[in-house]
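Since every read-out is calculated from the coordinates, none of them should be taken as a lab result. Just so you know, these numbers come straight off a predicted model, no measurement behind them. Cβ: placed from backbone, ideal geometry, glycine included. Neighbour counts: every protein chain shown.
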Amino acid sequence: MWPIIKGMVIDLLEIEHNYILEGTYLLPNNLNQLSSEFSKSVRSLYIGYAEITVADKQEQIKNGAGMQNDWMNGMASDDVKNYVERGIQQSKWAKAQCSELGVKYLDTGREFDRALESGIEWLSDEKSQ
């Protein structure tokens, strides 16, 4: 997937279009590569949830049930738990990779809304580029 995503980023940069890319296929090393190659135009931020327990993350998901884009609605409880466990492990790995590569990592585990606001501020701040 990375060659396709990178090509899309290059196309967006050529037309000078502001765009947010997100998804599980963007790994810390990919973000580091984009930030290094296009440092004046690309701002990278990895969002994860390494700092939360499985039970607390499941509660967050339950509290958001039925909201717009709730793709987990209707999933069996064990499937949600498995997804959360994998997500926490992936987030811990990504957090360590981000630290090693110098990529900004944002943890949404404890205070989800405040963390997202912080990320938006950081992405919007001209000085953080």
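Using a Gaussian network model of the chain in which every pair of alpha carbons under 10 angstrom is joined by a spring, one finds that among E85, E117, E51 the greatest mean-square fluctuation is at E117. Work out the FRET efficiency for T53 and M75 from their Cβ-Cβ distance, taking R0 = 25 Å, and round it to the nearest 0.05. After rounding to 0.05, the efficiency reads 0.85. Would you be so kind as to identify which of S35, V9, S99 lies farthest towards the positive end of the dipole of the chain, taking Lys and Arg as +1 and Asp and Glu as -1 on Cβ and the Cα centre as origin? The one lying farthest along the dipole's positive direction is S99. Name the shape class, rounded, prolate or oblate, that the alpha-carbon gyration tensor gives for the stretch 6-111, where a ≥ b ≥ c are the square roots of its eigenvalues, rounded holds for a/c under 1.5, and otherwise prolate holds if a/b is larger than b/c and oblate otherwise. It is prolate, given that a/c is not under 1.5 and a/b is the larger ratio.
Would you calculate a helix-derived [θ] at 222 nm for the chain, using -39,500 (n - 2.57) for each DSSP H run of n ≥ 4 and dividing by the full residue count, to the nearest 500?
Taken over the chain, the calculation gives -18000 deg cm²/dmol.
For the residue pairs K6/K40; K6/K62; K81/K104; K62/K104; K40/K92; K6/K81, the alpha carbons lie more than 24 Å apart in K6/K62; K81/K104; K62/K104; K40/K92; K6/K81. Computed about the Cα centre, the dipole magnitude for the chain is approximately 300 debye when only Lys and Arg (+1) and Asp and Glu (-1) carry charge, each at its Cβ. In this structure, the amide hydrogen of R43, modeled 1.01 Å from its nitrogen in the peptide plane, lies closer than 5 angstrom to no residue at least 5 positions away or on a different chain.
At most 16 other Cβ atoms within 10 Å and a DSSP loop assignment: could you name the chymotrypsin sites (Phe, Trp or Tyr not before Pro) in the stretch 68-129 that fit?
Sparse-neighbourhood loop chymotrypsin sites (Phe, Trp or Tyr not before Pro): W71.
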